[in-house]
Amino acid sequence: FTRVQRTFATSSEGSHFDESCGRNTCEITLRDAQLLKNQCLIGGEFVPALKEDGQGLFDVFNPATRALITKVSNGGKHTTRLAIEKANESFKSWKKLTATERSSFLRKWFDLIIQHSEDLGKIMTIEQGKPLPEAIGEVLYGASFVEFFAEEAKRMYGDIIPAGAKTRALVIPEPVGVCGLVTPWNFPCAMLTRKAAPALAAGCTVICKPSELTPLSALALGELGVRAGLPPGVFNIVTGFHAQPISDELMSHPAMRKISFTGSTAVGKKLLSQSASTVKKMSLELGGLAPFIVMEDANLDDAVSGLVACKFRNNGQTCISANRVYVHSKVYDKFAERVVEKVKTLCVGDGLEPGVHLGPLINEKAIDKVERHVKDAISKGAKVMIGGSRHRLGGLFFEPTVLANVTDSMMMSCEETFGPVIGLFQFDTEEEVLWRSNHTNYGLASYLYTNDLARAWRMAESLECGMVGLNEAMISTCAVPFGGIKESGIGREGSKYGLAEYVHLKYLLMGSI
Ligand code: NAD
């Protein structure tokens, strides 16, 4: 691949980027340069971090070139407090709108996201690294939550419960209040809309805290929210390099009634314990360690295609990525060969180049972890079938890798590799593979390939997790409840259950009838 020096198209209409970055290092041509924002969105306006927080800026890099893209407002405690105040003020009127009115704001936001999907995809590719078609795919997936919850807003029904002869009992759903939405870097658009759309639909107002590695996608969504006419203060974004002061303020402020977090299990646990002091409602979408089970009766072509699609999407940086691939010993060799043939066709490079399947990893820490897992496996007897090293492109690129003879004593069997590495484990019986699959504190997704219907039911019911892909590896859509059990999280996103996370129930008993 030719790697070209890219320079941000310093917009003809004047982008809001701080020219003091000095280095024009990242060129993308956008139809709408006004989507590039580098300040916090508070009370309907893009504003710098408050002076009490130092008014500083932090760097955002392109992981493919490691060039500086821009500098973004470094918000902290005070900026967050201001956003909470604005969100709390606007909650009073936003919750009083009719469901149809809130729905129409969301519908406008959805239309704008679709209209700008290519630009949003480009912004995502330069800050996150995933190939452009995949980034645009994420934008469309992210938009689908906005469309879905624009409709679902109108279906926030209550109940009438049989009561005494002279009484009537009603259950009324109400918005929980101001919500803090903390999102990761791996899906900078979809993780935000998956939270913000149901929250706004329910009548809540929000403060989003995107990852410091990928704030630009969130800010572009914020700009489109402003254009959609969302009233000031309903949708706020606080960017910052240090998560701690922002999240401490979100977690301790009494006006914050709900936190929805997607990220690592370690941080999720910390937030959960912090939430106790003000008893906030919590949703946690945390890490996974998905088993991908191939039984001896499986359709191997389907299983191979499913595995490669599931594993290499987003370069393996996905919480539901197949992390432990258990293959029945009767089909192990044949399966391994076919996987390697397929992996040979994958192309690594800058996500802006056409034909690229795998971009860079997000940062040094991520590539070091992938390398550590691979070296650990090799040192304990794993065999490299393809890949196994950093890519010749250098930087943050890693070769798509397949390791055979992986065992339960290796690092990759007990923690997310979060990279382009397939580890093939071997097993002999159904009982054995179920035990090994469930022998973890995680419980997000599992995948099972078998053509035996009775076995499919039996095993799917025995897998300890929130989601099972049965002869299918692409399990995410806006219409289904996404989420995990055990240390993979609490709560669900998407579907009618996703709306319920932003609602509390008020019971009303009317007497003297
Ligand atoms: P992370 O936990 O490091 O960061 C997530 C968010 O929390 C970011 O906005 C970050 O700035 C913030 N954060 C970091 N440290 C914090 C702290 N001490 N206090 C408060 N906030 C803090 O996770 P990540 O590396 O951005 O994302 C990868 C992880 O997310 C993986 O474990 C992955 O499995 C998980 N994930 C889960 C889902 C899901 O739906 N279950 C989806 C995507 C990613």
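The values are calculated or read from the model by the stated rules, or taken from the named source; none is laboratory data. Keep in mind the model is a prediction, meaning the values are calculated, not measured. Positions of Cβ are backbone-derived with ideal geometry, glycine not excepted, and every protein chain shown enters the neighbour counts.
Could you grab the pairs with beta carbons closer than 8 Å, sequence gap of 6+ or different chains, first residue in the range 410-428 and free of Cβ contacts under 8 Å to residues at least 60 places away in the same chain, second one in a strand (DSSP E or B)?
Pairs found: 410/423.
Which pairs turn up if I take residues in the range 161-189 that are under 30 Å from residue 264 (Cα atoms) and look for partners that are away from the ligand (no atom under 16 Å from the Cβ) and of a type in the set (Ser, Thr, Tyr) with beta carbon separation below 6 Å, at least 6 apart in sequence or on another chain?
Close Cβ pairs satisfying both conditions: 176/502; 178/205.
Does the range 129-158 hold any residues that are of a type in the set (D, E, K, R) and either buried (at least 17 other Cβ atoms within 10 Å of the Cβ) or within 21 Å of the chain's Cα centre (by Cα) (or both), and which are they?
Within the range 129-158, the first condition is being of a type in the set (D, E, K, R), and the residues that meet it are 130, 134, 138, 147, 151-152, 154-155.
If the condition is that a residue be of a type in the set (D, E, K, R) and either buried (at least 17 other Cβ atoms within 10 Å of the Cβ) or within 21 Å of the chain's Cα centre (by Cα) (or both), then 130, 134, 138, 147, 152 are the ones that fit.
What residue, among those in the range 495-510 that are of a type outside the set (A, V, I, L, M) and crowded, with 17+ Cβ neighbours inside 10 Å, is farthest from residue 196 (Cα to Cα)?
Among those that are of a type outside the set (A, V, I, L, M) and crowded, with 17+ Cβ neighbours inside 10 Å, it is 495.
How about the range 57-71: which of its residues are in contact with a strand residue (DSSP E or B) (Cβ under 9 Å, 6 or more places away or on another chain) and either surrounded by 19 or more Cβ atoms within 10 Å (Cβ to Cβ) or at pLDDT below 95 (or both)?
57, 60, 61, 62, 69, 70
From the list 110, 91, which one is touching a strand residue (DSSP E or B) at 6+ places or on another chain (Cβ under 7 Å) and of a type in the set (Phe, Trp, Tyr)?
Working: 110 fails: touching a strand residue (DSSP E or B) at 6+ places or on another chain (Cβ under 7 Å).
Being touching a strand residue (DSSP E or B) at 6+ places or on another chain (Cβ under 7 Å) and of a type in the set (Phe, Trp, Tyr) holds for just one of 110, 91, which is 91.
Any idea which of 237, 161, 246 is more than 15 Å from the ligand (Cβ to nearest atom) and either surrounded by fewer than 24 Cβ atoms within 10 Å (Cβ to Cβ) or of a type in the set (Val, Ile, Thr) (or both)?
161
Residue 162 versus (1) within 17 Å of the chain's Cα centre (by Cα); (2) at pLDDT below 95; (3) not charged (D, E, K, R): which is the lone unmet condition?
Only one criterion is unmet by residue 162, namely (1).
Of a type outside the set (S, T, N, Q) and more than 27 Å from residue 472 (Cα to Cα) - does that describe any residue in the range 397-405?
Scanning the range 397-405 turns up at least one residue that is of a type outside the set (S, T, N, Q) and more than 27 Å from residue 472 (Cα to Cα).
Select from the range 430-461 the residues that are closer than 17 Å to residue 297 by Cβ and of a type in the set (S, T, N, Q) and list them in ascending order.
Once the filter is applied, which keeps residues that are closer than 17 Å to residue 297 by Cβ and of a type in the set (S, T, N, Q), the range 430-461 yields 450, 451.
Please indicate, with yes or no, whether at least one residue in the range 359-374 is acidic (Asp, Glu), under 23 Å from the mean Cα position of the chain (by Cα) and surrounded by 18 or more Cβ atoms within 10 Å (Cβ to Cβ).
no
For residues in the range 285-320 being closer than 20 Å to residue 438 by Cα and within 13 Å of the chain's Cα centre (by Cα), which is surrounded by the most Cβ atoms within 10 Å (Cβ to Cβ)?
Among those residues, the one meeting the criterion is 319.
So that you can scan it fast, the table gives a plain yes or no per residue for (1) farther than 18 Å from residue 308 by Cβ; (2) not charged (D, E, K, R):
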| site | (1), (2) |
| --- | --- |
| 346 | no, yes |
| 358 | no, yes |
| 368 | yes, no |
| 376 | yes, no |
| 379 | yes, yes |
| 393 | yes, yes |
| 399 | no, no |
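The rows are residues; the columns are (1) under 21 Å from residue 409 (Cβ atoms); (2) touching a residue at least 40 places away in the same chain (Cβ under 8 Å); (3) crowded, with 23+ Cβ neighbours inside 10 Å.
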| residue | (1), (2), (3) |
| --- | --- |
| 434 | yes, no, no |
| 437 | yes, yes, yes |
| 445 | no, yes, yes |
| 448 | no, yes, yes |
| 457 | no, no, no |
| 468 | no, no, no |
| 474 | no, yes, no |
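From the residues in the range 209-234 that are within 8 Å of the ligand (Cβ to nearest atom) and out of contact with any Phe, Trp or Tyr (no Cβ under 7 Å at 6 or more places or on another chain), which one is nearest to residue 86 (Cα to Cα)?
Of everything passing the filter in the range 209-234, 209 is nearest to residue 86 (Cα to Cα).
In this structure, does residue 169 turn out to be in contact with a strand residue (DSSP E or B) (Cβ under 8 Å, 6 or more places away or on another chain), more than 16 Å from the ligand (Cβ to nearest atom), modelled with pLDDT of 95 or more and not charged (D, E, K, R)?
yes
Kindly indicate whether residue 96 is touching a Gly at 6+ places or on another chain (Cβ under 6 Å), among the charged types (D, E, K, R) and surrounded by fewer than 23 Cβ atoms within 10 Å (Cβ to Cβ).
Here the answer is no, as residue 96 does not meet what is asked.
Looking at (1) in contact with a helix residue (DSSP H, G or I) (Cβ under 6 Å, 6 or more places away or on another chain); (2) among the polar types (S, T, N, Q); (3) closer than 25 Å to residue 453 by Cα, which is the one condition that is false for residue 299?
(1)
Is it the case that residue 338 is within 16 Å of the ligand (Cβ to nearest atom) and either modelled with pLDDT of 95 or more or outside any loop (DSSP other than H, G, I, E, B) (or both)?
Against the criterion (within 16 Å of the ligand (Cβ to nearest atom) and either modelled with pLDDT of 95 or more or outside any loop (DSSP other than H, G, I, E, B) (or both)), residue 338 does not qualify.
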